[in-house]
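Chemist: One structure follows; several queries about it will come next.
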Amino acid sequence: FLMDLPDERFQPLLAAERNDGTPPLINIGSGTDLTIAELAMLVKEVTQFCGKVVYDSTKPDGTLQKLEDISRLRALGWAPRIPLREGLAGLYSCMIEQH
């Protein structure tokens with residue numbers, strides 16, 4: 001999406017073209033958040049995995065929230081078109097077909 005923007009919309013995103021001090025970073029995401037446990041269960045459902053998901057509680061939890069601010073990307077006109085479950089299912093289906 002970003003690389004397909006017209007030059008007049010893409011060039012101002014670059015650091016050399018800006019004077020406002022904002023870094024030339026665009027977060028990419030869906031604007032929604034889920035926990036690692038929720039993601040694991042979603043993958044389990046999509047793949048129809050019948051095993052047990054085991055967590056190692058002796059390891060650090062890491063970042064509590066990983067939700068990215070995608071307001072700059074949305075301001076450029078982008079919005080997610082494929083829900084996570086549907087995207088995972090499509091990817092998994094392609095992987096199965098290739099084997």
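The values are calculated or read from the model by the stated rules, or taken from the named source; none is laboratory data. The structure displayed is predicted, hence computed values, not measured ones. A quick note on method: Cβ atoms are made from the backbone with ideal geometry, for glycine too, and the neighbour counts reach across all protein chains shown. Each accessible area value is taken on the protein alone, full model and side chains, heavy atoms only, with ligands, DNA and RNA left out. Shrake-Rupley method; radii C 1.70, N 1.55, O 1.52, S 1.80 Å.
Chemist: Residues being assigned to a loop (DSSP other than H, G, I, E, B) and at negative phi: count how many of those fall in region 30-57.
Modeler: Adding up the residues that qualify gives 14.
Chemist: Run down Pro83, Pro12, Pro24 and say which single residue is at pLDDT 90 or above, surrounded by 10 or more Cβ atoms within 10 Å (Cβ to Cβ) and not acidic (Asp, Glu).
Modeler: Being at pLDDT 90 or above, surrounded by 10 or more Cβ atoms within 10 Å (Cβ to Cβ) and not acidic (Asp, Glu) holds for just one of Pro83, Pro12, Pro24, which is Pro83.
Chemist: It is to be established whether one or more residues within region 51-59 are closer than 28 Å to Ile26 by Cβ, open to solvent by less than 80 Å² (accessible area, probe 1.4 Å) and of a type in the set (A, V, I, L, M).
Modeler: Among the residues of region 51-59, not one is closer than 28 Å to Ile26 by Cβ, open to solvent by less than 80 Å² (accessible area, probe 1.4 Å) and of a type in the set (A, V, I, L, M), which makes the answer no.
Chemist: Also: Looking at region 63-80, is at least one residue open to solvent by less than 100 Å² (accessible area, probe 1.4 Å), assigned to a loop (DSSP other than H, G, I, E, B) and modelled with pLDDT under 85?
Modeler: yes
Chemist: Here are the criteria: (1) within 15 Å of the chain's Cα centre (by Cα); (2) in contact (Cβ under 8 Å) with a residue 12 or more places away in the chain; (3) closer than 30 Å to Pro6 by Cβ. Tell me which single one Leu88 does not satisfy.
Modeler: (3)
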